[in-house]
Structure formats: C-alpha cells, structure tokens
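Computed from the coordinates by the stated procedures, all read-outs in this text should not be read as laboratory data. Worth saying up front: this structure is predicted, and the values here are computed from it rather than measured. Counting neighbours? That spans all protein chains shown, and the Cβs are built from the backbone with ideal geometry, glycine included.
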Amino acid sequence: MPQEPAERRVVVTGPPRRARRTSGYYRPRTEIDEQTTLGHTYVRSLMRIQLRTGLTVFAVLALLIGPLPLVFAVAPDARRLEWAVLGFGLYPPLVLLARWYVRRAERNERDFVRLVEDR
C-alpha cells in the first residue's frame, strides 16, 4: 500500500509586516514624479500660491514707494527730508516686508510637503 503524503503545516508567528495597498490608494508624490494631470495640478497650485504671495509683496512695495516722487515734488526744498525718508524711513518696512514674504513662502512650501507626503 502506497504511503500517503504528509500534510504541510504553516506556522504563523505574527501579523504580516506590510499591509497590502488597496487598488484605490494613490500617492501624490508618485503623481508628481510621473507628471500626471493630478501631479501637474498639485504643482500648479503651489506655484499659484507663491505667485500670489509675490504679487502681494509687489503691490505693498508699489504703494509704499510709488507715491514718494510725488511727495518729494511737493517739497522741492527739503533735500534732507528726502534722504532721511529714503535712508531710514524705508529700511524698516522693507525688512519687515521681506521677512513676511520669506515666512509666507516657507509656510506655503511646508503645507505643500504635508499635502504630498504620506502621513
């Protein structure tokens, strides 16, 4: 009488280490790397926000510096006032505006990275 093969035993010692991904799962970073339409939309939204930030800074700068020639034309004899305004009066607002722009741009990029990373 032929001998019957022994049944194979499988020993499971713990849960699987990697979970299988479902078919509906997508990664935004992959979408950007593969240059799909969705990835293009992600990058375009970041660029649009950065452009809006830059245009805001430009508008504030134009409103701050634009009227100065008219102010100086009204008082042509006040040369010392012109140099004081240009040398000392504009410096603090320009520094504050630059700091705001850098902080805003970095925050936009952080938000974009948070959106793209898998968390």
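See the values below:
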| item | result |
| --- | --- |
| Residue (of Y91, P5, L64) at the positive-pole extreme of the chain, dipole from beta-carbon charges | P5 |
| Magnitude of the charge dipole, the chain, Cβ model with Lys/Arg +1 and Asp/Glu -1, debye to 20 | 340 debye |
| For the chain, the longest site-free run once GluC sites (Glu not before Pro) in DSSP loop states with at most 13 other Cβ atoms within 10 Å are removed | 35-116 |
| Identified option (computed log10 I(q)/I(0) by the Debye sum over Cα atoms at q = 0.11, 0.15, 0.18, 0.19 Å⁻¹; candidates (1) -0.67, -0.87, -1.02, -1.07; (2) -0.30, -0.57, -0.86, -0.97; (3) -0.35, -0.65, -0.92, -1.01) | (1) |
